[in-house]
Amino acid sequence: MQPTKIVDLFAGPGGLDVAAEKLGVPTVGVEWDSAACTTRRAAGLETAEGDVRLYQPSDFPDADVLAGGPPCQTFTVAGSGAGRRALDDVLRFVDRLVAREDREEIEKDLAKLDDERTGLVLRPLMWALDAIDKLDRPYRAIILEQVPAVLPVWKAYEKALIDEGYQADCGILHTEAFGVPQTRRRAVLIARYGKEPVTLPTATHRTYRKGVARDSGDANLLPWRAMDDVVSRPTAFEVISNYGTGGDPKARGRRRSEEPSATVTGKISRNRVVGPDGFDLDRFSFSEAGRLQTFPTNYPWSGRDVGQQIGNAVPPRLAMHILSAAFGWASPNDDQLRGLDTWTVHQPVEDAPPTD
């Protein structure tokens, strides 16, 4: 398929949008965080700044692809069990939406949840169903990603979308298996309307295993990429995490520059970077942290909380593989992937106002 335009819900600073634009597919991102919107505008990405709940598919009539990465904080299965309760609530809401229960009643019940972020994971499904029911124009493809704990929600989505005429697939992807110099796991769903089968993208690189050499493993896959493949420093270095494994401050994670980065979080600026002699080096710049996420070297990070913007983003290189699979295209080629190295700012487009 050849998509016309992607509407990206919870778009952040533009990870998926960067990949799509490099593939020649225009995007518009809906994002409430003003800091992320500052970066998006600096990058020339079309942006609708505001709450996703104030928009609907008819506000973006040119978009024939839906994407999104809703907030994930309430779905952790650790701690007091709030994540499990949130998950069970969401799965019940999925059933109610698919049954076409009264939307106003559903919205009232969503407002009763302990944390309003829990209900946001339902917005992409609402948009998908509204495109069918209100516009009689199903999105041609749907792409969703989030932390692994959200996979049960994507599985419920998968079943619902198949019942609505889509082919769909979902599962857990490892970012380093697609050439991202970072170990990060993401729950991904892709769906395409019609009868043509759809499957998640196939890994191109080996997965990282501590203590196993990068040239070991499946000879049909490329070696994983390391931090020093994208971050140029005059000497080897080691990154020491700002938090301790399992909550133990003495058990801080460590990765050498010839290994992939650990998961890049919003606290990446707190990670120590030390040289071979153990002395502290400069911590990662925004450009370096962005490169670990495979953003272009010159991506115009702007506004406040840039570290958080970077940590929350979808790695563009992974997004390029996911988009290609969703559209039924071949895996991105080397020229397309190299295109992610630099960014050209286009003329910004005015924000799209929400419908009253």
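The values are calculated or read from the model by the stated rules, or taken from the named source; none is laboratory data. Worth saying up front: this structure is predicted, and the values here are computed from it rather than measured. All Cβ positions, even for glycine, are placed from backbone atoms using ideal geometry, and neighbour counts span all protein chains on display.
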Discussion item. Being free of Cβ contacts under 8 Å to residues at least 60 places away in the same chain and closer than 18 Å to G171 by Cα is the filter here; which residues of the range 186-234 pass it?
Written reply: A187, L189, P197, A203, H205, R206, T207
Worksheet entry | Extreme residue, surrounded by the fewest Cβ atoms within 10 Å (Cβ to Cβ), among residues of the range 1-18 that are more than 11 Å from the chain's Cα centre (by Cα) and closer than 21 Å to G339 by Cα | Q2
Fill in: Answer residue from the range 107-119, given it is hydrophobic (A, V, I, L, M, F, W, C) and in contact with a Ser or Thr (Cβ under 9 Å, 6 or more places away or on another chain) and is farthest from I190 (Cα to Cα) among those
L113
Fill in: Hits in the range 289-322 - residues which are under 19 Å from L66 (Cα atoms) and not in a helix (DSSP H, G or I)
A313, V314, P315
Discussion item. Any residue at all in the range 211-221 that's touching a Pro at 6+ places or on another chain (Cβ under 8 Å) and either among the aromatic types (F, W, Y) or at pLDDT 95 or above (or both)?
Written reply: no
Response to the item:
Here the residues within the range 322-343 that are within 23 Å of R41 (Cα to Cα), among the polar types (S, T, N, Q) and either free of Cβ contacts under 8 Å to residues at least 40 places away in the same chain or in contact with a strand residue (DSSP E or B) (Cβ under 7 Å, 6 or more places away or on another chain) (or both) are none
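The rows are residues; the columns are (1) of a type in the set (K, R); (2) out of contact with any Ser or Thr (no Cβ under 8 Å at 6 or more places or on another chain); (3) modelled with pLDDT under 95; (4) surrounded by fewer than 20 Cβ atoms within 10 Å (Cβ to Cβ).
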position	(1), (2), (3), (4)
N312	no, yes, yes, no
A319	no, yes, no, no
L323	no, yes, no, no
W329	no, yes, no, yes
Q336	no, yes, no, yes
D341	no, no, no, yes
H346	no, yes, yes, yes
Practice prompt. State yes or no: is G79 at pLDDT 95 or above, assigned to a loop (DSSP other than H, G, I, E, B) and at positive phi?
Written response: no
Fill in: When residues of the range 19-49 are limited to those that are more than 14 Å from V7 (Cα to Cα), among the small types (G, A, S) and in contact (Cβ under 8 Å) with a residue 40 or more places away in the chain, the one surrounded by the most Cβ atoms within 10 Å (Cβ to Cβ)
A36
Practice prompt. Would you mention how many residues in the range 107-121 are out of contact with any Leu (no Cβ under 7 Å at 6 or more places or on another chain) and touching a residue at least 24 places away in the same chain (Cβ under 8 Å)?
Written response: 7
Item to complete: Could you please find all residues in the range 1-18 being in contact (Cβ under 8 Å) with a residue 60 or more places away in the chain and either of a type in the set (F, W, Y) or assigned to a loop (DSSP other than H, G, I, E, B) (or both)?
Response: M1, Q2, P3, T4, K5, F10, G12, P13, G14
Worksheet item: Taking into account only those residues within the range 165-202 that are more than 15 Å from A319 (Cβ to Cβ) and of a type in the set (A, V, I, L, M), which is surrounded by the most Cβ atoms within 10 Å (Cβ to Cβ)?
Response: A191
Practice prompt. Collect the residues in the range 141-150 that are crowded, with 21+ Cβ neighbours inside 10 Å and not acidic (D, E), keeping them in residue-number order.
Written response: A141, I142, I143, L144, Q146, V150
Fill in: Some residue of the range 157-179 being farther than 30 Å from V274 by Cβ, in contact with a Lys or Arg (Cβ under 8 Å, 6 or more places away or on another chain), among the basic types (K, R) and at pLDDT 95 or above
no
Discussion item. Based on this model, can you work out whether D136 counts as surrounded by fewer than 21 Cβ atoms within 10 Å (Cβ to Cβ), modelled with pLDDT of 95 or more and under 24 Å from the mean Cα position of the chain (by Cα)?
Written reply: no
Item to complete: Quickly run through the range 138-182 and pick out the residues that are among the aliphatic types (A, V, I, L, M) and under 22 Å from L221 (Cβ atoms).
Response: I172, L173, A177, V180
